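Read through the structure below, which is laid out as structure tokens, and then see the notes.
Just so it is clear, none of the values below were taken in a lab; they were calculated from the coordinates. Computed from a prediction, not measured in an experiment: that's the story for all the values here. When we count neighbours, we look across all protein chains shown, and the Cβ atoms used for this are built from the backbone with ideal geometry, even at glycine.
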Amino acid sequence: MLFRHVAVNQGRSQREVAEAIGLPQPHRAIVDGLEAKGWIRRRPSGTDRRTKALHLTRKGQAALTRIMAISASMRPSLRGPWSLPTNRADRLLNEVALDRV
């Protein structure tokens, strides 16, 4: 979820992203992991030199495209009489897809 939020909201700070998606502290390890994979990059903020802005890399965009394709392909098989609400199912599918990339 953090990864997708960074993709949609390029340039927001770690704290802003974490607050927007309700991620509890500490979230730095998640950002560190995404950065280690080369999917996001921290850059100095244009408005506050103490803050780092998060940006998706080309490699990150390619990974996100694959994640979304995996999620979309799994969606029909997970729907049925016992289905979770759509937004929760989508969130879980994205988490599963992240582990497969």
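Where Lys and Arg each count +1 and Asp and Glu each count -1, what net charge lies around R42 among other residues with Cβ under 11 Å from its Cβ?
Computed value for this residue: +2.
What ranking do 63-71, 38-46 get when scored by the average of other Cβ atoms within 10 Å per residue, highest first? Before the final figure, lay out the partial values.
Values: 63-71: 17.3, 38-46: 15.6.
Listed from highest to lowest mean packing, they are 63-71, 38-46.
In nm, to one decimal, how far is the modelled label at S73 from the one at A20, with both set 7 Å along Cα→Cβ?
Placing both labels 7 Å along Cα→Cβ, they lie 2.9 nm apart.
With Cβ to Cβ distances under 9 Å as the rule, what net charge do the other residues near H55 carry (K, R +1; D, E -1)?
+3
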